[in-house]
Amino acid sequence: MVHFSGFYAWVKEPLSQCALEDARQTELIRQAWSDSGKVYGYRKLTDDLRAAGETCSENRVARLASLAGIAAQIGYKRRSGRYGGRPAVVADNTLAPV
């Protein structure tokens, strides 16, 4: 449990440099993702930011993109899974009491 005065002192503090930098880079990531037609993933977004002169790692871009809800468009093929079809043939249960 946190004391009331400690909580309100924490709330009044300005954002840290790291939080401000994260917010700035998140906007750059969002802009690069939008420019790509919302297709690029974190790897290509990292390349775009580095080409623009930003210093960032793939892990940081992946974390910021994930927090911002930015994800790559994955493929155009139909995914494997259950899409209907004939039902499976199941053998009768011979152990069940009659």
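Just for helices (runs of 4 or more DSSP H) wholly inside the stretch 2-98: which have at least 2 residues that are surrounded by 13 or more Cβ atoms within 10 Å (Cβ to Cβ)?
Values: elements: 4-12, 17-35, 42-51, 58-68.
Result: 17-35, 42-51, 58-68.
Can you name every residue in the stretch 67-98 that is farther than 18 Å from residue 35 by Cα and of a type in the set (S, T, N, Q)?
Once the filter is applied, which keeps residues that are farther than 18 Å from residue 35 by Cα and of a type in the set (S, T, N, Q), the stretch 67-98 yields 80, 93, 94.
Look at residue 74 and say whether it is of a type in the set (A, V, I, L, M) and modelled with pLDDT of 90 or more.
Details: of a type in the set (A, V, I, L, M): yes; modelled with pLDDT of 90 or more: no.
Answer is no for this residue.
All but one of (1) touching a Gly at 6+ places or on another chain (Cβ under 9 Å); (2) without any contact (Cβ under 8 Å) to a residue 24 or more places away in the chain hold for residue 72, so report the exception by its number.
Going through the list (1) touching a Gly at 6+ places or on another chain (Cβ under 9 Å); (2) without any contact (Cβ under 8 Å) to a residue 24 or more places away in the chain, residue 72 breaks only (2).
The values are calculated or read from the model by the stated rules, or taken from the named source; none is laboratory data. Because the structure is a prediction, the values reported are computed rather than measured. No Cβ is skipped: glycine too gets one built from the backbone with ideal geometry, and neighbour counts run over all protein chains shown.
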